[in-house]
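Q: Pasting a structure below so you can have a look.
The values are calculated or read from the model by the stated rules, or taken from the named source; none is laboratory data. Values in this document were obtained by computation on a predicted structure and should not be read as measured data. Because the Cβ atoms are built from the backbone with ideal geometry, glycine has one as well, and the counts that use them run over all protein chains shown. Quick note on the areas: whole protein, heavy atoms, side chains included, nothing else; ligands and nucleic acids left out. Shrake-Rupley method; radii C 1.70, N 1.55, O 1.52, S 1.80 Å.
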Amino acid sequence: MCGIIGYKGDKNAIDIVFQGIKRLEYRGYDSWGIATVDDQGMQIAKTVGRIQSVPEALEGVDSTIAISHSRWATHGGVTQENAHPHTSCDGGIAIVHNGIIENHKELRRELESKGHTFKSECDSEVIAHLIEEEQGRGFEEAVRHAALKLKGSYAFLAISKDSPLLIGVRHESPLVIGFKDGETFVASDVPAFLEHTNKVMFLDDGEMVVTNSEVKVISTSTGEKVEKETRTVDWDITQATKGNYAHFMLKEIHEQPVELLHTLMQDKKKLEQVARRVHQAPRVCIIACGTSRHASLVGRYVISEISGKYCEVYNASEFQYFVDKLGKDTLIIAVSQSGETADVLGPVRMCKEKGCKVISLVNVVGSSLDRESDVTLHLNCGPEISVASTKAFTAQVTMFYLLAYTMGYAYEDGYNRLREIPLHIDYTIKNTEPAIRALADKLKDKESAYYIARGENFAVATEGALKMKEISYVHAEGMPAGELKHGTLALIEKGTPVIVICPKDQTYGETLANASEAKARGAFIIGISDENNELFDAWLEIPNVDYLFYPLLANIPCQLLAYYTAVAKGTDVDKPRNLAKSVTVK
């Protein structure tokens, strides 16, 4: 939703949080700001729009403590007043916040009755005033007692002109601490400070970090010290930068052959233990959102096909309404790139309260979902920065294949087959990219596009449509090919793009028949297949492989088609309007 970073050390704090917040801009990018303390007191600069350069008001300011925020609006419009940081009445306390304060209206009325004056419409501003109200206790205790009055999800940082402390508090929104030789970084996500250190500590719900000459973690509820483990994150800064690519999305598409191999690097014994749990569970529910849900639909298919085990796939945002029907013998498989998606974490916590076991497929080590699961299989695909997920989808699908083969007592066979896929992905990228650039010029002015497929590739059609919507703003729908004639054909007219995913498998003939129906109504047919057909107005060739693996290949042209259409339209590919990478609110 939003990105926050704080720094305390002996370097130029403004430069460090500025670079850090730029790396977190994928979490929110409608406004941003910085707060710092120097000899003159609290210094604030905030503005509407994208992060461009260090604010002129802070140029030359010498400070070793600062906090910063990039916003994705939830409460209050996109204005300079609503941008973070927010301050207390006297301007001496500044906070930045990610999440939603559910009781902010009640708190605001109470604070206004005590004489507090608010400058914004934001729920977040109440935090600064609550701390001000409690400041007679000292800054650390004032922050802690203020946090105890909040309801909702939040991670916030606070600084004061009268205190040397940098304080962070977490409840249901991510907060991670980085360490390096007397320097401390506190941020929403590791990439914010990865160029400085990969030594990290993850806060849990109900915990505070207090940074001065030393760093301590305490319980928000009791104030007692909490012992925490420091971990090393196996990412490097080159993975979190664009390199020579125009956009992160294109870089991440091209990274997929290598990252698939990284996903395959799993502990075999752990995988076998997970496979046994899934096989033995009377009921298995897979929960996920968006791209992760599409990967899960492929996963359900391959698990059923290879091992014979049937699993159900649910939209995580809807699953909470089914939890009371579950028994404690239900096994939950939660799938998320970030591990911080609120719509996934909510039902996971509800299921754990009922005694259900939770297995997660997560990319971000140490994320909330990772730590709250009984077992985690890490995707190992490195940081994904673009809002539109690409390599995480491939990693998630790969993990499902590996799990399915392990469940089917064929781990070695599956592993060896999957090791061949990166060469086919690389071929698909190189072979289709030139043709897709040309196709993008035809698609950029279209109002709608339709993606159809059958069997396991239906999920690829829905994922392809999602990518087109996300970054090119072309209305797109993905559906089983047989559903085209149940209403959608009424929308097909001359020149309407219909992307037909029809590799030469058992669904080939029937899918072509559906494509023919669209063609007869004037559709422009783009075929994604290992065999050309006279129905195709454009053919995007994928290699011929075992039918089970076509989803891993057919998805690549869909990603590239969305990317180059967005480029042709001139949209902001990595930061599409109204969207953020990690959706940490429901």
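Q: Consider Tyr451 against the criteria (1) part of a helix (DSSP H, G or I); (2) modelled with pLDDT of 95 or more; (3) within 24 Å of Ala288 (Cβ to Cβ); (4) open to solvent by less than 10 Å² (accessible area, probe 1.4 Å): it satisfies all of them except one. Which criterion is unmet?
A: (1) is the only condition that Tyr451 fails.
Q: A follow-up question, please. Mind checking whether some residue in the range 47-54 is open to solvent by 20 Å² or more (accessible area, probe 1.4 Å), modelled with pLDDT under 90 and under 21 Å from the mean Cα position of the chain (by Cα)?
A: The answer is yes; a qualifying residue exists.
Q: While we're here: Filter the range 533-548 for residues that are touching a His at 6+ places or on another chain (Cβ under 8 Å) and more than 18 Å from Leu512 (Cβ to Cβ) and give the result.
A: Pro543, Val545, listed by residue number.
Q: Which of the residues that make up the range 350-401 are of a type in the set (Gly, Ala, Ser) and open to solvent by 10 Å² or more (accessible area, probe 1.4 Å)?
A: So the first thing to find is which residues in the range 350-401 are of a type in the set (Gly, Ala, Ser), and the list is 355, 360, 366-368, 373, 382, 386, 388-389, 392, 395.
Selection gives Gly355, Ser373, Ser389.
Q: Looking at the range 471-492 only, could you name the residues that are open to solvent by 30 Å² or more (accessible area, probe 1.4 Å) and under 23 Å from the mean Cα position of the chain (by Cα)?
A: Tyr473, His475, Glu477
Q: Condition first: assigned to a strand (DSSP E or B), open to solvent by less than 10 Å² (accessible area, probe 1.4 Å) and among the hydrophobic types (A, V, I, L, M, F, W, C). Now tell me which residues in the range 170-202 satisfy that.
A: Once the filter is applied, which keeps residues that are assigned to a strand (DSSP E or B), open to solvent by less than 10 Å² (accessible area, probe 1.4 Å) and among the hydrophobic types (A, V, I, L, M, F, W, C), the range 170-202 yields Val176, Ile177, Phe185, Val186, Ala187, Val200.
Q: Which pairs turn up if I take residues in the range 407-432 that are without any contact (Cβ under 8 Å) to a residue 40 or more places away in the chain and look for partners that are of a type outside the set (Asp, Glu) with beta carbon separation below 7 Å, at least 6 apart in sequence or on another chain?
A: Asp413/Tyr405
Q: Can I ask one more? Among the helices (runs of 4 or more DSSP H) confined wholly to the range 303-390, which include 2 or more residues that are closer than 28 Å to Ala192 by Cβ and of a type outside the set (S, T, N, Q)?
A: Working: elements: 316-319, 342-353, 368-372.
Result: 342-353, 368-372.
Q: Quick one: which of Ala342, Ala334, Ala316 is without any contact (Cβ under 8 Å) to a residue 40 or more places away in the chain and either open to solvent by less than 20 Å² (accessible area, probe 1.4 Å) or over 15 Å from Ser368 (Cβ atoms) (or both)?
A: After ruling out the rest, the residue left standing is Ala316.
Q: Turning to a different aspect of this structure: Write out, first by first residue and then by second, each pair whose Cβ atoms fall under 8 Å of each other, whose residues are 6+ apart or on separate chains, and whose first residue, in the range 475-499, is at positive phi while the second is exposed (fewer than 14 other Cβ atoms within 10 Å of the Cβ).
A: Within 8 Å, the pairs are Gly495/Gly522.
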